[in-house]
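Below you'll find the structure, written out as structure tokens, and then a few comments.
Nothing in this text is a laboratory measurement; each read-out follows from the coordinates by a stated rule. Nothing here was measured: the structure is a model prediction, and the numbers come from that model. Don't worry about glycine lacking a Cβ; one is built from the backbone with ideal geometry, like all the others, and counts go over all protein chains shown.
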Amino acid sequence: MSEKAWLSKELKNGKILCQACSQACVLDEGEYGICSVRKVENGELRLLVYGLAAAVNVDPVEKKPLYHFLPKSRAFSVGTVGCNFSCKFCQNYDISQYPKEHNREIVGQELSPERIVELAQENGCDSIAYTYNEPIVFFEYTYDTAKLAHEKGLKNIYVTSGYETHKAIDLLEPYIDGMNIDIKSFNNEFYKEICGARLKPVLDAVRYAHEKGIWIEITTLLIPGKNDSDEEIRGIAKFIAELDPSIPWHLSAFHPMYKMLDVPRTPEFTLLRAYKIGQEEGLKYLYIGNIENEDYESTYCPSCGNRVVERSGNIGQFVTNKLDEKGTCPYCGYGLEGVWK
Ligand code: SF4
């Protein structure tokens, strides 16, 4: 199954420029993009995974993670094979790197945009999340689905590494209501060597999506010895704080995976150190994922300090939201930033 990958343009020399992500692949007839799921065939760029889902689940929205976005709701979550990054620590490498590791083979179950929206509704979801692999590589599939979802009153979420071009963000803006964007490091060398990408386009995409008014939360996976120095953590915290201190920052723990089996798990004290640095830089909402301590998973009112969204148990298992539909703190009336209805 494939569809025209219309977020692309023909260059004067006859080659095709893909305009979806900042890898900016320029391709000749028969060539694949870095993501392995966009290919030039008969003079046009085709999206080889259109309508082919490789992973489908109903997840708590907290699992994306989005903590200031319809708390306690369900997100119908869809991903395909393929990715524009090649992170050595990828937790979903079985799908994200599948075509690269299987001689460009494409796999997935047929699932049209219409069927995704129906299934989301049948499963009581309030949103559809494009997740598991990098959604910008299957842009046209997400775009068509998100548009239909909006017509049916569902919201849309991108869980992304932040390599969208400005053009892609312009097109997504009317339909994508929330984004969780990874800032994987504050060091270009890390991006180059470990992810096959660059830092600057990620920071640009975060800034631009925020400027467009899309609700953003940031995630950083802290990997021992790779991106966890005080200096680097502070660099990310400062960047977020200067952009907008109300952007939530999720700090998460690495566990050995894929091509990084020789690196130990992130110790709890590293996560707590990063949390403290985030506080020192003035971030209003900080969260630590995958440790068992609800104090670091709950939301506190930045004005009065009361706990206003409690989270405990497995991710999304127990969520008590004391905010109203405008995000108003019941104790002091402060309006917490987020998408609450
Ligand atoms: S989406 Fe794929 S083909 Fe397009 S620029 Fe990115 S890596 Fe290249």
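Numbers at a glance
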item	result
Ordering of 50-59, 98-107 by packing [mean C-beta count within 10 Å, highest first]	50-59, 98-107
Neighbour-count order for LEU66, LEU271, LEU111, fewest beta carbons within 10 angstrom listed first	LEU111, LEU271, LEU66
Residue-wise HN-Hα coupling along the stretch 32-39, computed from phi with Karplus coefficients 6.51, -1.76, 1.60 (Hz; x: Gly, Pro)	9, x, 4, 6, 6, 10, 10, 8
Alpha carbon centroid spacing (whole Å) that separates the stretch 110-144 from the stretch 1-70	14 Å
Test item: Cα-centred dipole of the stretch 3-47, Lys/Arg +1 and Asp/Glu -1 on Cβ, debye	140 debye
Mean separation of Cα contacts under 8 Å, 6 or more apart, over the residue count of the stretch 81-217: relative contact order %	22 percent
Alpha-carbon Rg with Dmax, taken over the stretch 3-47, Å	8.8, 24
In degrees, nearest ten, helix 199-211 long axis to first principal axis of the chain (Cα)	70 degrees
Spherically averaged projected area of the stretch 16-82 from its Cα convex hull (nm²)	5.6 nm²
Test item: Cα-centred dipole of the chain, Lys/Arg +1 and Asp/Glu -1 on Cβ, debye	240 debye
Lysines with Cα under 20 Å of LYS39, excluding same-chain neighbours fewer than 8 positions away	LYS4, LYS9, LYS12, LYS15, LYS100, LYS167
Among beta bridges that DSSP assigns inside the chain, antiparallel share in %, nearest 5	55 percent
With Cα atoms, 0 to 90° folded angle of helix 230-243 axis to the chain main axis	90 degrees
Helix-derived mean residue ellipticity, 222 nm - over the chain, DSSP H n ≥ 4, -39500 (n - 2.57), to 500	-6500 deg cm²/dmol
Linear extension gain, ASP170 paired with ARG265, 0.36 nm per residue minus alpha-carbon span	30.4 nm
For the stretch 159-231 and the stretch 281-333, distance of Cα centres in Å	23 Å
The chain - convex hull of the alpha-carbon atoms, volume per residue in Å³	126 Å³
Neighbour-count ranking [beta-carbon atoms within 10 angstrom, fewest first] of SER36, SER312, SER298	SER312, SER298, SER36
Fewest-first sequence of MET179, MET260 by Cβ atoms within 10 Å of each Cβ	MET260, MET179
